[in-house]
Structure formats: C-alpha cells, structure tokens
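The next block holds one structure in the form of structure tokens; read it before the comments.
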Amino acid sequence: PTPLGTYMIPFEFDENNRTISSVAVDVSLSWFRETLLSQRNTPSTIITVSDIASGLMLSTTADVAEINLVAEDVWAMSEVPSVQVKEAFFSAAQRMGITLGVSSSADNSPSTVVFETGDAIVSAQLLREGTLLWLAVVSTPQSYYYGTSRKVMTIVTVIACIVAFAICAVSVAVWIGVVMPLKKMTVYMEQVSHLEFMSMSTNGKSQPVLGELDGMHGAFKDMSRAIQSFTQYVPIEVVRNLMQSGEQCEVKMVPATCTMLFADIAGFTSMCERIDTKRLAEVTRLYFDRMSVVVVAYGGTIDKFIGDCIMAIWGAPIETKDANLLSSCCALRLVQETKLDPLKGEFSALGFPLKIRVGVHCGDVLAGNIGCSLRLSYTVLGDAVNTAARLESLNKQFGTSIMVSEDVAGCLSDYFVLRRLSRVAVVGKLEALRVYEIMGINAKRLANLEEGLFLDVPSQGLVPSEQVFADIANPIFCPTKEQIEFSEMYTDAVAFWERSFLDDAKGAVQDIRNTFSKTFLASYEVGLQQLWDQCELAADTTSTMSRTASIRNARVFVAVGK
C-alpha cells in the first residue's frame, strides 16, 4: 500500500556526529480502517477518527467511493465531501466545545457525549495518549436502536386498531340490536303505564337481534294490545286508577256525588224494523263514534252503551268540580252534532232524520265495581241514576231534546237559556221533580262573564271557559230572540199553574199561541197542550175538596219510566 508518510530514523553516526546510516519507516493507516470496519454495530454505522491538533481525518468507515478517497488519503475535516460525516463530526465537536486545530480547546471537554441528529444517534469520545489527542465519532442509524421497538409498536398499534374496530362494530351491533330496542321498549312501557298507546315500530332496525329480547318484545306488544283493548271495555280512568294503585280488582263500591247523562235516539225501534241490519250497524257505529268523542272532550266517562242509549257520568272515577256545567255543555253539543254531517247526511239518507233525547241529573250514588268474582263491571248505582234515565224518556212527553233536573239547572242560569217545564212525578220517587229544558247558550250573559274563568275538565285540568264553550256558542245554535221570549212566557204560564192560578195559566198559554206562529210552535205544541189540558182538568172539578185535590194532582205530570 501507498505509505501515508516515511520517517527516517538515524541509526549510526561518525566521529563528527554525522549520520552515516539510518532506518526508514513507512507509516500507513490502511490497517486502521480495517480495524474500524470490524468494530461497527451495523453496516450503516459510520466511525470517523480525526486528529484534533491537525484537524485531519485519519480514517472513516464511510463509503470510500462516496467520498472519493483511497484508504490512505488523509483529509482536512472541513474538506471531507461526505455531508453525513461532517455533520456528525462537527456537531460532536460543537457539543464538546472542541475547536479543530487547537488542542487546548479539548482541555475542559467531556470525554464522551451522546446525542441525536437527523435520523442518527451520535456518540463521540476523546482519545488521549501522551501528546496524542484524537476524536472518535460513531454515527448509528436510529433504526438500529428503535427499529425493533418501532416494529413492535407498529404491530401493537395495528392490533389495537383492529381490536378497537371490532369493539366498535360489536358496540354498534349491540346498540342497534339490543340497546335501541330496549330504550324504545322502555319508552313504550312508560307510555302504556300512563295508558298512552302508540303503535310499536315493525322496522327491522328497531327489532332486537337476540331471541330472548325478541320474545320479550313480542310479549310486550301483546300485553300492550290487551291493555288497550281492555280500556275500550272499561272506562280508561278506572284502568288508570287500577294500574296506579297496584291493587287487585274486586267488588267494591264507594259513595260519590256524580252527574249522569243519558242520550237516546228517537224512533230507533222503527229504524231497526225497516233498515237492513248491516246498514244499521254502520250508522250506529258512526253515531257512537261521533258522540263518544264529544263526551270525552267534555270530561265525561262513558259508562256503557245500552242498545242505542249512551250512559255517561261526571264525578267518577275522577271527582269533577264543574260536573253539572260540563255535562250540560256536552248534552247541548250532542244535539248539535246530530244537525251536522256526517250524522245528518247518513241518517237522512235512510229516511230517518236523526233526533236524540238527553236527560241530565245529579245526586249521590254508589260508584265502583259491581258483579262477581268471575266478571266485574264499573258503573254507578242509585236513585239519581234512575232519575237521569227517566228524564231522558220524559223528553218524548214534552217534545223537548234536553231535559235537566232542578239540581242541575241551578248551576246553569249564567250560561244557558232554560225553559221551566213543570213538576213531574217520576216513577219510583215519592216527591215531584221540577225539570227544565236547555234551549241553548245565553250568548249575552256569557259575554258578560268575568274574564279568566276556568273550568275543571277531567284529564285536561283547568281549561278557559271560552275554550269549553267554543263549539256550543256557535251563533247557528244559539237561541233566537223569539225562542228566548217564548221561554220566558212559557215559564210564567207554568208558574201560574203551579200556584193554582188556572185562568192565568190558560191565558198565558193562549197568549203564547197568539204571539208565535204555528210553524214556530210545532216543536213545542206537545208541552203547551199538556199544560192546557191540566188546567182544564182542574177547572172542571165542582167539589171544593175534590177541586183542591185535583188542583194538587194537576200540578204534577205523571211520567212513565222505562
């Protein structure tokens, strides 16, 4: 190999101390590179050794071809072509506080430093031996130290991502197939507990994926349908109270003050004889549908359907403060409903214009479950119930549509136009009962009512009075001035008759007939003639004792109960 340098060492001198022979020594560093190559951690590790005093690179393991040198070339570090070699070396020198070419700059330098630069880890060490001061710099790629851990981290990250994705997929599946159906079922259960029924979705996305949940879902749907059907047989408030109490249903009745309403179709027997049963069932169903909506809207509870008759109650099972007023509003609205389509059109098409008779009475009753251990029915019992039914049938004798008792009428004077009819002896009662006809809303008085008046409507709470009267206050259905005048004159005639002023009573009846047209009086003629006949009967009695008894009896119309 080409020597790095040749050193001559004197070996023999003459008497004048002149060299007569010497030894020549060639210095080569090729062995040094081989040694450094054998010490590398990886083939990518670069080891560079430089002399600090001269600033020369003595050897390096960098690619010889890359830096364009032969093994024995010695380069000044500032002129080394390899950027990687220079960057590592000068960074090490800077961190150690060493200046190349100045040996003294390494006096206070640390013997070793380790740091990162770029994508390599660099370690530098001072080599001291006598006057010899070399700096060895080792640059190793970070992948040598971190490669394995990075691979492990990469594998762990990939596995973690796969596991996370699997967990998310399972979570979504559980959410869609289990959690969502359970949440929806919880909402449905809450609604059913308040007897608020909604159709359960059949969308596959909301169906549980587990067989057990699917079975529970189906069982709950069946239970919901059963309870919903049950509320169509039993008043919904009764079912609600039963569910909230948690008690077993039993035969039990408690005292209550209620208002009862009976509504019956006039001439229904004739309809049954002449109309096809299928068609009759259709119009009857329509009638009950429309009327039931009205009853419920005014806070009533439908107790039962008796043939073509509807029995509704206020005050049980929920106590109702304004029962008399609400039931009377309901009665008037029921009559108005018969004058509107679709009921008006459907019944007229059959040749039987729809007309109903309504009776309303209030009083103390027994409310609760009646029957036996095998079959129960919620209802109300008592004299007041029978009286309400009798009032409904009395409409036929007086030619009226809505008849209420005096107990009910006492609450209505500020809202309705009432016509005092008479005192009647109701079958089964010892005392005569004074009855009235509701002719319609008294629009004038209603307008003068104090603003802010609220009515207690069951299941709705306090409702503004104007909202309650909104439908029945329609001018189309309000009494005319003629009807109001007739009501006042008829009330005076009845008052004369009850006080035994028979001539005055007959005179009042005659005044009514002279004042109003026959067309107007057509619907009231039955009551007028009945009052006239009673006065005639009392006047024909010749015996004073008989006359007194006859007058006493004449003041009482006899009503035949159903």
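The values are calculated or read from the model by the stated rules, or taken from the named source; none is laboratory data. Bear in mind the structure is a predicted one, so any value in this text is a computation, not a measurement. Every residue, glycine as well, gets a Cβ built from its backbone with ideal geometry; the counts of neighbours run over all protein chains shown. Areas reflect the complete protein model, heavy atoms only, side chains present, ligands, DNA and RNA absent. Shrake-Rupley method; radii C 1.70, N 1.55, O 1.52, S 1.80 Å.
When the pairs 339/429; 339/396; 344/396; 321/396 are compared against a 29 Å limit on Cα-Cα distance, 339/429; 321/396 fall above it. 3J(HN,Hα) along segment 111-116: 6, 9, 9, 9, 7, 9 Hz, from the Karplus curve 6.51 cos²θ - 1.76 cosθ + 1.60 with θ = phi - 60°, whole Hz, x for Gly and Pro. Put simply, the amide H of residue 422, placed in the peptide plane, has neighbours under 5 Å in 435, leaving out anything fewer than 5 places away on its chain. Once phi is turned into θ = phi - 60°, what whole-Hz ³J(HN,Hα) does the Karplus curve with 6.51, -1.76 and 1.60 give for every residue of segment 305-313, x standing for Gly and Pro? In residue order, the calculated couplings are 10, 10, x, 9, 8, 10, 10, 10, 10 Hz.
Remark: accessible surface ordering of 12, 525, 129 (largest first) is 129, 12, 525, probe radius 1.4 Å.
How would 419, 40, 375 rank on accessible area, largest to smallest, probe 1.4 Å? Numbers along the way, then the final one.
Values: 419 0, 40 75, 375 180 Å².
From most exposed to least exposed: 375, 40, 419.
Using the Karplus relation 6.51 cos²θ - 1.76 cosθ + 1.60 with θ = phi - 60°, the per-residue 3J(HN,Hα) values for segment 517-523 come to 6, 5, 4, 5, 7, 4, 7 Hz, with x marking Gly and Pro. Projecting label points 7 angstrom from Cα along Cα→Cβ for residue 146 and residue 480 puts them 10.2 nm apart. In the context of the full protein assembly, residue 79 retains an accessible surface of approximately 120 Å², using a probe radius of 1.4 Å and ignoring ligands and nucleic acids.
Find how much the distance from residue 489 to residue 514 grows on full extension, using 0.36 nm per residue of separation minus their present alpha carbon separation; answer in nm with one decimal. Can you show the working numbers first?
Working: separation 25, 0.36 × 25 = 9.00 nm, distance 1.18 nm.
Going from the current span to full extension adds 7.8 nm.
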